[in-house]
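> Quick one: the structure is below, and I'll ask about it shortly.
The values are calculated or read from the model by the stated rules, or taken from the named source; none is laboratory data. A quick note: this is a predicted structure, and the numbers were derived from the prediction, not measured. Methodologically, a virtual Cβ is constructed for each residue, glycine included, from the backbone with ideal geometry; neighbour enumeration extends over all protein chains shown.
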C-alpha cells in the first residue's frame, strides 16, 4: 500500500511544481504604485524591487537573435518623484545618456516630449530603442523597448514586439 502512495505523491508534487513554474505576467514596483503586465513568454532577467530607483528587465524571445550576442529586451524603471520638476529633469537625464551611446541617431517618428526613439550601435548590430516616460501616483515611469535590427527578423515578429511593448506601456496606467 505504501509503495502505491509514493508514485501518487511524486505525481502530485510534479503537478504542483509545474503550476508554480507558470510564467509570471503581473509585476509591481514602488509598493504597488506602479503595476504592469507582460506577455507570458517574456523572462525577467533582472529585478530590483527595493530602494529608489526600481526596475525589471525582460528578455523577449527572438528566434532571429538566437546564438548571437543580440537580445530584444524591455525595461520598466521607476523612481519616486520629489516634486513635479523632478519629472522633467529625469527625462532630460535619460535623453542625454542615450545620446552618449555608440552610433546614436535620433528617430523622429513618433517622438514627443515624453517619447524618445533612436538607433544605437551595439557591436556589429544596430538597435532601435523606444523610450517612453510617464508618471503615476508620484512615481516617474520609464519604459525602454529595444530590439536588434536583423535582416532575418520577420516583419510579423517586429509588429508583435512593438504591439506587446505598447501593451506594457498601456498597462502601467500612468501615461508612460
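> Identify all residues within the range 135-176 that are in a strand (DSSP E or B) and more than 13 Å from residue 36 (Cα to Cα); write none if there are none.
Answer for the range 135-176, where residues must be in a strand (DSSP E or B) and more than 13 Å from residue 36 (Cα to Cα): 135, 139, 140, 144, 145, 146, 147, 148.
> List every residue pair whose Cβ atoms lie under 7 Å apart, where the two residues are 6 or more positions apart in sequence or sit on different chains, the first residue falls within the range 108-125 and is on the phi > 0 side of the Ramachandran plot, and the second residue, located anywhere, is surrounded by 11 or more Cβ atoms within 10 Å (Cβ to Cβ) and at pLDDT 85 or above.
Final answer for the pair search is 110/117.
The rows are residues; the columns are (1) outside any strand (DSSP E or B); (2) modelled with pLDDT of 95 or more.
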{"position": "67", "(1), (2)": "yes, no"}
{"position": "102", "(1), (2)": "yes, yes"}
{"position": "110", "(1), (2)": "yes, no"}
{"position": "119", "(1), (2)": "no, yes"}
{"position": "127", "(1), (2)": "no, yes"}
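> Inside the range 69-100, can you point out the residues that are touching a helix residue (DSSP H, G or I) at 6+ places or on another chain (Cβ under 8 Å) and part of a strand (DSSP E or B)?
72, 74, 76, 79
Listed here are the residues, each with its yes/no results for (1) within 21 Å of residue 121 (Cα to Cα); (2) at pLDDT below 95.
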| position | (1), (2) |
| --- | --- |
| 136 | no, yes |
| 143 | yes, no |
| 148 | yes, no |
| 159 | no, no |
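> Scan (1) at pLDDT 95 or above; (2) surrounded by fewer than 17 Cβ atoms within 10 Å (Cβ to Cβ) for the single condition residue 27 breaks and write down its number.
(2)
> Taking the criterion of being within 15 Å of the chain's Cα centre (by Cα), free of Cβ contacts under 8 Å to residues at least 60 places away in the same chain, crowded, with 16+ Cβ neighbours inside 10 Å and farther than 14 Å from residue 165 by Cβ, would at least one residue in the range 38-54 satisfy it?
yes
> Let me ask another. Just wondering, is there one or more residues in the range 84-102 that are surrounded by 16 or more Cβ atoms within 10 Å (Cβ to Cβ), within 20 Å of residue 27 (Cβ to Cβ), touching a residue at least 24 places away in the same chain (Cβ under 8 Å) and under 18 Å from the mean Cα position of the chain (by Cα)?
Checked the range 84-102: no residue is surrounded by 16 or more Cβ atoms within 10 Å (Cβ to Cβ), within 20 Å of residue 27 (Cβ to Cβ), touching a residue at least 24 places away in the same chain (Cβ under 8 Å) and under 18 Å from the mean Cα position of the chain (by Cα).
> Just one of 163, 109 is under 19 Å from residue 44 (Cα atoms) and surrounded by fewer than 21 Cβ atoms within 10 Å (Cβ to Cβ); which is it?
Only one candidate qualifies: 163.
> With the structure loaded, tell me whether residue 130 is within 21 Å of residue 37 (Cα to Cα) and either touching a residue at least 40 places away in the same chain (Cβ under 8 Å) or within 19 Å of the chain's Cα centre (by Cα) (or both) or whether it fails that test.
yes
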